[in-house]
Amino acid sequence: MDEKILQLKKIVEESDNIVFFGGAGVSTESGIPDFRSVDGLYNQQYDYPPETILSHTFYMRHTEEFYRFYRNKMLFPGARPGKAHRKLAQLEAEGKLKAVITQNIDGLHQAAGSKNVLELHGSVLRNYCEKCHAFYDLQYIINTKGVPVCSKCGGRVKPDVVLYEEGLDGGIMTRAVQAIQRAKTLIIGGTSLAVYPAAGLIDYFEGQHLILINKSSTPRDHIADLVIQESIGEVLDSI
């Protein structure tokens, strides 16, 4: 392991155009559980799997039940940036890291100080009225009960997150592809590379060093220059 850490440290020191692509593992270290993990409490409270509840169809047909799950399982206002978030912000401040591409919706990269964050799946910090497009923050959702409605026009308020069956933002995807194409080093961390189309972004990388850091193996380990199966926070914190 020490040899791999030294190898990663050398690559980072010699790189001036790094892009980081991260998933749920980055935020689980901040106490935000991966919603796919189904625990006993979940089984007792909900009649549907998370992927069903977090779909566009379910949101439209069972909005109140959607929000019951959303408030209970998707919102963690007390979460704070972890080691990975802080190291990435530091690398950006040093001019090495050019972009963070994240599948997470918690805003912790920005809270740590990262500026160029591309949120593929949106953010729980942003909410909008479907009728008049008025903006609402996270606290508004937390403080309301049932289906939140706009205080201006009475329209339904929707989180600015990408639900299953919804397409990713084209502008964000374009910027992510461009960042990866320009990168000399691509570090992928805390993701099993199982969720598409986000996982397909790796195919655009044409740089020098592809690094995969994840506690378990991924379908792309065989094409990486360096694979480290450890905590993303501990690994980044040690370089």
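The values are calculated or read from the model by the stated rules, or taken from the named source; none is laboratory data. All values reported here derive from a predicted model rather than from experimental measurement. Because the Cβ atoms are built from the backbone with ideal geometry, glycine has one as well, and the counts that use them run over all protein chains shown. Heavy atoms of the whole protein, side chains included, go into the accessibility calculation; ligands, DNA and RNA do not. Shrake-Rupley method; radii C 1.70, N 1.55, O 1.52, S 1.80 Å.
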Which of the lysines could a cross-linker bridge to Lys98, judged by Cα under 22 Å and excluding same-chain residues fewer than eight apart?
Lys9, Lys10, Lys83, Lys87, Lys115, Lys184
For Lys152, list the lysines whose Cα falls under 25 Å from its own Cα; do not include residues on the same chain fewer than 8 positions away.
Lys131
Any chance you could look up the accessible area of Asp106 with a 1.4 Å probe, heavy atoms only, rounded to 10 Å²?
30 Å²
In degrees, nearest 10, range 0 to 90: what is the angle between the Cα axis of helix 170-182 and the longest Cα principal axis of the chain?
10 degrees
For the chain, what is the charge dipole size about the Cα centre, in debye to the nearest 20, if Lys and Arg each add +1 at the Cβ and Asp and Glu each add -1 at the Cβ?
700 debye
Between the helical axis of 2-14 and the dominant principal axis of the chain, each derived from Cα atoms, what acute angle in degrees is found, rounded to the nearest 10?
90 degrees
Across segment 41-154, what fraction of all alpha-carbon pairs, as a whole percent, falls in each successive 5 Å bin from zero upward?
2, 10, 17, 19, 18, 14, 11, 6, 3, 0
12 Å Cα-Cα reach of Lys4 towards aspartates and glutamates, excluding residues that sit fewer than 8 places from it in its own chain
Asp225, Glu230
Taking the dipole of the chain about the Cα centre (Lys, Arg +1; Asp, Glu -1; charges at Cβ), the one of Val12, Leu236, Ile32 that reaches farthest to the positive side is Ile32
With angles folded into 0 to 90 degrees, how steeply does helix 63-73 sit against the dominant principal axis of the chain? Use alpha carbons for both and round to 10.
40 degrees
Beta bridges by DSSP in segment 113-239, antiparallel share as percent, to the nearest 5
50 percent
Can you give the accessible area of His133 in Å² (nearest 10), computed on protein heavy atoms with a 1.4 Å probe?
130 Å²
Just the accessible area for Tyr48, please: 1.4 Å probe, Å², rounded to the nearest 10?
90 Å²
